[in-house]
Amino acid sequence: MSEITYTDYNSTIESWPQSKYPINNLENLLGSFSKALKEIYSSPEIENKQANQETYNSIYNKVMLNPIFDSHPIGFVWRDKESEFLSDISSAISFAHHIFETIETKNAYLISLAVAFKKSAPKNLSGDVLDSASELIYEAIFNIENSNQQNLNLENTKDDYSYLADGQALAFQIQYHRWMIINKSILPETSYMRNRFINIVIRKNFPKHTPNPENKTETSYEESRSKLKDEITQHLKFDKSELPSEVIEKWINSFINNVMLVYYGFYKWDKLRGDFYRVIDLEKSIFGEKIPDQFEENIKEFSKFIDLS
C-alpha cells in the first residue's frame, strides 16, 4: 500500500500562494506548472491511488521537470535596496517549497534561480550582497537534500573565490561545490547536486578536451582526462579547507571518472532519479546499477571500460 497522502488537483492548486514571489508573468508560470500537475494526477497509478512513493516521484519528475526546464531562465524582478533584494531572494527560494514536491524538481528550479538572479540583479548591489544571495540558495539546496539537518544554525566558512565566466549553471555549480567542500565537516555531500554538476560538465566542458567533440569514437582518453582534471583542479584549489589534499584529489578523480563513463555512453544520466546508471540495453531503456561513489570501487568500474595506457 502507498504511504502517500493523496490530495485532489483543485485543493493542491489552491494551496499555492500566488502573490509573494518576485517573478515576472507569475500567472503564466503557475499555469504551466498547474497543467503539468493535472497530467500527473491523471496518470492511472496516481488517479487510482496505487502508486507507492517511488512510483509517484518518478511520474511527478517525468512530467514536472519539463516545464521547469522549459521556463529556464525564469524571469525574476528584484527591488534595488539591499535588504529588499535579499528578501526577494528568500521569497523566490520559497517558491520551490510551495510549488514543487521532489528533490529533483525543487533543485532544478533553484538552479534556474541561481543562474538568473546574477544576470538580472540591480547593478547598484555590491558583490558581497550577491554572494549572500548565493549562500541563501546554497543553504536551501542543502536543506532540501538533508531534511534531517534543517534548522541547524550552521556557521559556514566563507569562500572568496568567484567564477563568473558565463553566469550559467556551471559557474553556480563550481561555487556551490567549493562551498560544500570547504564546509565538509558540517555539511555532508549532496549527491543530486554533484550529479547535476557532472552532467553539466559532460555537456559544456568535457567535449572541448576531446579530439573531436562531434565524434566520440575519436578518443584520446589519457589526454582528455588530464586536461579536464587540470581545469577542475584549478577551480577546486583551496586556501582554507579542513579536508586533506588527498581527499579532495580522490573527489576530483571520481568526478572526472564519472564524466568520462557517461560521456562515452557506458553509463546514462537519469534525470528522473538524479543519478547515473549502467547502460544494458539503451533501445529498451534497460539499466543496471548506478555508478559507485566509493573511490576504490569507482576506480575499478572506470578501468573496466576505459584504458588510459
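The values are calculated or read from the model by the stated rules, or taken from the named source; none is laboratory data. None of the values given here were measured: they were computed from a predicted structure. Methodologically, a virtual Cβ is constructed for each residue, glycine included, from the backbone with ideal geometry; neighbour enumeration extends over all protein chains shown.
Of all residues in segment 267-309 being small (Gly, Ala, Ser) and over 30 Å from residue 56 (Cβ atoms), which is farthest from the chain's Cα centre (by Cα)? Write out each step before concluding.
Of segment 267-309, the ones small (Gly, Ala, Ser) are 274, 285, 288, 303, 309.
Checking which are over 30 Å from residue 56 (Cβ atoms) leaves us with 303, 309.
On the way: 303: 27, 309: 33 Å.
Here the answer is 309.
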Cβ pairs under 7 Å, 6+ apart, first in segment 284-300 and small (Gly, Ala, Ser), second at pLDDT below 85 | 288/280
In the set 217, 233, the lone residue that is of a type outside the set (Asp, Glu), out of contact with any Leu (no Cβ under 9 Å at 6 or more places or on another chain) and loosely packed, with under 13 Cβ neighbours inside 10 Å is 217
Residue match in segment 44-54 (condition: touching a residue at least 60 places away in the same chain (Cβ under 8 Å) and touching a Phe, Trp or Tyr at 6+ places or on another chain (Cβ under 9 Å)) = no
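Pick from segment 256-282 the residues that are in a helix (DSSP H, G or I) and out of contact with any Leu (no Cβ under 9 Å at 6 or more places or on another chain): which of them is surrounded by the fewest Cβ atoms within 10 Å (Cβ to Cβ)?
Residues of segment 256-282 in a helix (DSSP H, G or I): 256-263.
Still in the list and also out of contact with any Leu (no Cβ under 9 Å at 6 or more places or on another chain): 257-258, 261-263.
On the way: 257: 22, 258: 25, 261: 24, 262: 22, 263: 20.
Selected residue: 263.
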Filtered residue count, segment 55-90, keeping only those that are within 19 Å of the chain's Cα centre (by Cα), in a helix (DSSP H, G or I) and in contact (Cβ under 8 Å) with a residue 40 or more places away in the chain | 10
For the subset of segment 98-150 comprising residues that are out of contact with any helix residue (DSSP H, G or I) (no Cβ under 8 Å at 6 or more places or on another chain) and within 14 Å of residue 193 (Cβ to Cβ), which member is surrounded by the most Cβ atoms within 10 Å (Cβ to Cβ)?
-> 139
Residues in segment 11-28: is at least one in contact (Cβ under 8 Å) with a residue 60 or more places away in the chain, hydroxyl-bearing (Ser, Thr, Tyr) and surrounded by 18 or more Cβ atoms within 10 Å (Cβ to Cβ)?
-> yes
Going by the conditions given, is residue 35 basic (Lys, Arg) and not in a helix (DSSP H, G or I)?
-> no
